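Bear in mind that the values in this text are calculations on the coordinates, not laboratory data. Just so it is clear, the model here is predicted, and its values are computed rather than measured. When we count neighbours, we look across all protein chains shown, and the Cβ atoms used for this are built from the backbone with ideal geometry, even at glycine.
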Amino acid sequence: MGKIKLTSVDFAGTKEQEAELRKMLKELKGTEGALMPALQKAQGIYGYLPIEVQKIVSEELGVPLEKIFGVVTFYTQFLLNPNGKYDISVCLGTACYVKGAGDVIEKIQNRLDIAPGDCTSDLKFSLNATRCIGCCGLAPVMTINGEVFGKVKADEVDAILDKFKD
Amino acid sequence: MKKINLKINGLSVTVPEGTTILEAANIAGIKIPTLCYLKDINKIGACRVCVVEVKGARNLVASCVYPVSEGMEVITNSPKVLDSRKKTVELLLSNHNQDCLSCVRNGSCELNKLSYELGCKSDSYDGVKTESKVDNSSLSIVRDNSKCILCRRCVAACQAYQSVSVIGANSKGFDTHIACAFEQPLGEVSCVNCGQCINVCPTGALREKDEIDEVLEALNNPDKYVVVGTAPSIRVALGEEFGYPIGKNVEGKMVAALRKLGFKNVFDVDFAADLTIMEEGYEFIDRVKNGGKLPMMTSCSPAWIKFMEHNYPELLDHLSTAKSPQQMFGACCKTYFAEKMGIDPKKMFVVSIMPCTAKKYEKDRPYQSAAGVKDIDAVLTTRELARLIKRCGIMFNNLKNEQFDAPLGIGSGAGLIFGATGGVMEAALRTVASVLTGSDLNNIDFNEVRGNSSVKEAVYDIAGMKVKVAVVSSLSAARDMMEKVKQGKADYHFIEVMSCPGGCVNGGGQPILDAHTRNTVDYKKLRASAIYKTDKAMKLRMSHHNPAIREIYDSYFEKPNSHKAHEALHTKYVKRNSFN
């Protein structure tokens, strides 16, 4: 259905996070248009908006869960999947793509066993396919937490990921 | 209120300020086609089918949301308007599963009708189609998004009528689709199976889970003894499927058709409604006399029961433990009647004809098997019964009237009025008042609890006691009422709740009426009037006077709320959470 990617990562929210979330929601309750700021703040607390968090928002604000999910899946600013400690982006813009970015992202998917938009269950790596990031001369390009790797070949992927062990 | 003068297609019209162009056109007798618009619940101007030309306006405007203004000149059928509507519908068709030949809505599809009226070609635009899977997870409702046009009428019905809100638009742009939170299947969320979404769907994207084949198979199985019972509100709606006007009582033809289909006995669930009154009525008297939980709430409507289990589990002990009439009917068939006839209940196949999709869910609930096997084997909606009659080549309109079989086909007027909001309350009051005062009332019309408003209240003086009652229909009104109960602000003795607005005459299994009819005809009132008219003309109008009811207690259940009656005719509820 659609192109919604649900997370396969187990929820690991803490009691402190939940207390902070509920306190924030109680303050927002009743104000007009509370849902958007509530979701932004909830994402600020957890980094993403899994079902466990959306259910709390639903309970506290009295907004149906489906309505919340509709808003979350409408705006790209909201994430259904957590970002890993190391957030990998592979450019699939035209230049990168013709230079073999497809092979690169496939290699990463196989090694980490996750699809684009997803995160490994140990929350170490998340993977995203992006549009042109503006350095086509380096195609194909990938970034890890902002660090740029250019002219990447599929068989160099292992060596690059090995640098991010901790 | 200020009046506004305008011209529509050259015709002068005067309407109150704030009226939309669409409403003004209706008043003037000019029809503007609509698709997403539903009066009172869905005014979103999204589909662009109702566009009209307004002199001086830059673009065509959506008449369903555009207010009239003084001196306005509107054209509803200019070439520009007709061309725009045609293109709009053709674009919808380009992303529509054109499975029209075998679609359950063949003949009642609003998209089909519009594309015919607008002269659309089905293949004007060729392009990618959104991918979707049929959601078959619910026991009551099937969603096929390949036929969805994203009008959001189902979303509006779920929210506005029922405050259930388990469906909505997910994702965006071309990927937008109607589904549940986190793409959960409908059968796994807190959907109550009421089927109001089906009734408002303009296409075949929503339908009931069809059980016609199971019923045909049973009817053709020589080892099965197949009986049928019809709910009170079927007889005043079924005729619509065969061209009769809304509000025509076709009981006699319906019975004849069922007999022709091969059912061994054709019974009337009105009987079981009478039995419900006895069980629920005596339970009420017991609660009042012995300090039981009040207000007591009715338990006939299975969507209401599931709604309570999800949203107010702490109030479940307010619900009467009496099974619904459908389940009492099945229980009586497989215990009392099976014993009487010497039939093994395992070989009996009981079909109920219901105005309701939630009844399909109810039949599979736990604690609904009096004889050790399910009380009810199959549930057909009014629509499915019409299709079954048509499939078997029965000429419904030519049938001669026939009567239900005894004993489970004998019902009173009190049982019949269960089909309209307020009917259960009135039927209960007729019997409870007679029992408490020790003699029958002179006037048994309780007009205060009749009619289509979503909340009705009355106080009756019965045997020196002031009995305060409330009658609620639609789950959004029920939610408001439950909040009052929770806060201790509802000092009623007895509350009737029907899930569907107007009660069973407007159930989710009833014949589908197109948006234009829904927007312009008070069909709930017409169907309900047919019920009250029939009740008024009946001699037997009180449940406790029903000879078949007296007989079943004398020879089988002993007395209302006896141990034996409790075993067969009462049930239990389960606590759920608000999400699933």
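The Cα atoms of chain B give a gyration tensor whose axes a ≥ b ≥ c have a/c of 1.5 or more with a/b greater than b/c, which makes the shape prolate. Protection proxy ranking of B:251-259, B:296-304, by the mean of other Cβ atoms within 10 Å over each peptide's residues and highest first, is B:296-304, B:251-259. The listed peptides B:524-531, B:310-317, B:218-225, ordered by packing as a protection proxy, come out as B:524-531, B:310-317, B:218-225 (highest mean of other Cβ atoms within 10 Å first).
Put simply, when B:43-56, B:141-154, B:107-120 are sorted by average Cβ atoms within 10 angstrom per residue, most first, you get B:141-154, B:43-56, B:107-120.
Spatial offset of the range B:512-572 relative to the range B:1-67 amounts to 42 Å, using the alpha carbon center of each. Neighbouring Cβ atoms from other chains, within 10 Å of the Cβ of residues in B:160-170, number 4 on average.
Based on DSSP H runs of at least 4 residues, each adding -39500 (n - 2.57), what is the mean residue ellipticity at 222 nm of chain B after dividing by all its residues, to the nearest 500 deg cm²/dmol?
Working: 20 runs with 182 residues, N = 580.
Mean residue ellipticity at 222 nm (helix-derived): -9000 deg cm²/dmol.
Computed extension gain for residue B:537 through residue B:27, at 0.36 nm per residue and net of the alpha carbon distance, reaches 180.0 nm. Taking Cβ atoms as reference points and 14 Å as the exclusive limit, the residues near residue B:91 contribute a net charge of +2, counting Lys and Arg as +1 and Asp and Glu as -1. Across chain B, the mean sequence separation of Cα contacts (distance under 8 Å, 6 or more residues apart), normalised by length, yields a relative contact order of 16 percent. Per residue of A:60-71, other chain Cβ atoms within 10 Å of the residue Cβ number 6 on average. In this structure the amide hydrogen of residue B:206, modeled in the peptide plane, comes within under 5 Å of the amide hydrogens of B:144, none closer than 5 places in sequence on its chain. A straight line joining the Cα centroids of the range A:37-66 and the range B:245-292 runs 46 Å.
The residues packed around residue A:4, meaning those with a beta-carbon under 9 Å from its beta-carbon, carry a net charge of 0 if Lys and Arg are +1 and Asp and Glu are -1. Take each residue in A:73-84, count the other chain C-beta atoms within 10 Å of its C-beta, and the mean is 2. For trypsin sites (Lys or Arg not before Pro), the sites in the range A:107-166 that DSSP calls loop and that have at most 14 other Cβ atoms within 10 Å are A:131, A:151, A:153, A:163, A:165. Only one residue of B:432, A:9, B:161 has its Cα farthest out toward the positive end of the dipole of the protein assembly as shown, where Lys and Arg carry +1 and Asp and Glu -1 on Cβ, and that residue is B:161. Summed over qualifying helices (DSSP H, 4 residues or more, each -39500 (n - 2.57)) and divided by its residue number, chain A shows a 222 nm mean residue ellipticity of -11500 deg cm²/dmol.
Taking amide hydrogens as placed 1.01 Å from N in the peptide plane, the amide H of residue A:128 sits under 5 Å from those of A:88, A:89, A:90, A:117, each at least 5 positions away in sequence or on another chain. Reducing the range B:194-238 and the range B:89-130 to their Cα centroids gives an inter-centroid distance of 26 Å.
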